[in-house]
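The values are calculated or read from the model by the stated rules, or taken from the named source; none is laboratory data. Quick caveat: nothing in here was measured; it's all calculated off a predicted structure. Note that each Cβ is placed from the backbone with ideal geometry, even for glycine, and that neighbours are counted across all protein chains shown. The accessibility values were calculated without ligands, DNA or RNA, using every heavy atom of the protein model including side chains. Shrake-Rupley method; radii C 1.70, N 1.55, O 1.52, S 1.80 Å.
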Amino acid sequence: MIHITKDNYDAEVVSSDKPVLIDFGAPWCGPCKQVAKLVKELDAEQSAVKICEVDIDQSPEIAAKLGVISIPVLIFFKGGKPVERMAGLKSKAAVMAMIGK
C-alpha cells in the first residue's frame, strides 16, 4: 500500500494510469484501523486498483483539499478525479462494489 503525502499525491493519484482507492485515517482512530486492515487485504488480492493511504495528521492539506472532515473515509478516483466516497466502517463487499471488483 502506498502512503500518500503532498509530495507524491500528483504522481500517485492524479497521474495514475489505474483507478486509485485512498483510505483516509489516523493511527488513534479505532474504526480506521479496521478499515485499514480491510484495505490491505484488498491490496493483496487485486492489482487493477492502486490502493493508497493518507494519515490525516501527517497530511492534513490532502484531507482539506478533498473535503475530508471525518474519518475513516475511502475515496475512489478514476482519471485522477474523485468519483465516489464512502464514510465510516463498511464491509469488504461494499468496498469491492465501490471499486468494481
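Normalised by the number of residues in the chain, the mean separation of alpha-carbon contacts (under 8 Å, six or more apart) gives a relative contact order of 35 percent.
Evaluating 6.51 cos²θ - 1.76 cosθ + 1.60 at θ = phi - 60° for every residue in region 29-36, the Karplus couplings come out as 9, x, x, 4, 5, 5, 5, 4 Hz, glycine and proline recorded as x.
Surface composition of region 1-73: carbon and sulfur atoms hold 53% of the protein heavy-atom accessible area at a 1.4 Å probe. FRET efficiency for the LYS81 to LYS37 pair, using the beta carbon distance and R₀ = 22 Å, is estimated at 0.20. Annotation: amide H of ILE51 within the under-5 Å range of ILE2, LEU21, sequence separation 5 or more or interchain, hydrogens built in the peptide plane.
Seen from SER16, the other residues with C-beta closer than 10 Å to its C-beta sum to a net charge of 0, counting Lys and Arg as +1 and Asp and Glu as -1.
For region 1-69, the set of trypsin sites (Lys or Arg not before Pro) satisfying both a DSSP loop assignment and a count of at most 16 other C-beta atoms within 10 Å is given as LYS6. Applying the Karplus relation 6.51 cos²θ - 1.76 cosθ + 1.60 with θ = phi - 60° to region 78-89 yields 3J(HN,Hα) values of 10, x, x, 10, x, 10, 7, 9, 9, 9, x, 7 Hz, where x marks Gly and Pro.
Normalised per residue, the accessible area of the chain is 52 Å², obtained with a 1.4 Å probe and no contribution from ligands, DNA or RNA. The charge dipole of the chain, taken about the Cα centre with unit charges on the Cβ atoms of Lys, Arg (+1) and Asp, Glu (-1), comes to about 380 debye, rounded to the nearest 20. For region 29-77, the list of GluC sites (Glu not before Pro) that fall in a loop by DSSP and count at most 12 other C-beta atoms within 10 angstrom is empty. Listed as lacking a disulfide-compatible partner in the chain: CYS52, by the criterion of no other cysteine Cβ under 4.7 Å. For Kirkwood radius over Cα pairs in Å, the value computed from the atomic coordinates appears in the list (i) 13.2; (ii) 15.5; (iii) 22.5 under label (i). Local charge for VAL39 was computed over the other residues whose Cβ lies under 10 Å away, with Lys and Arg +1 and Asp and Glu -1, and equals -1.
3J(HN,Hα) along region 56-63, derived from phi through the Karplus expression 6.51 cos²θ - 1.76 cosθ + 1.60 where θ = phi - 60°, amounts to 5, 6, 8, 9, x, 5, 6, 4 Hz, with x in place of Gly and Pro.
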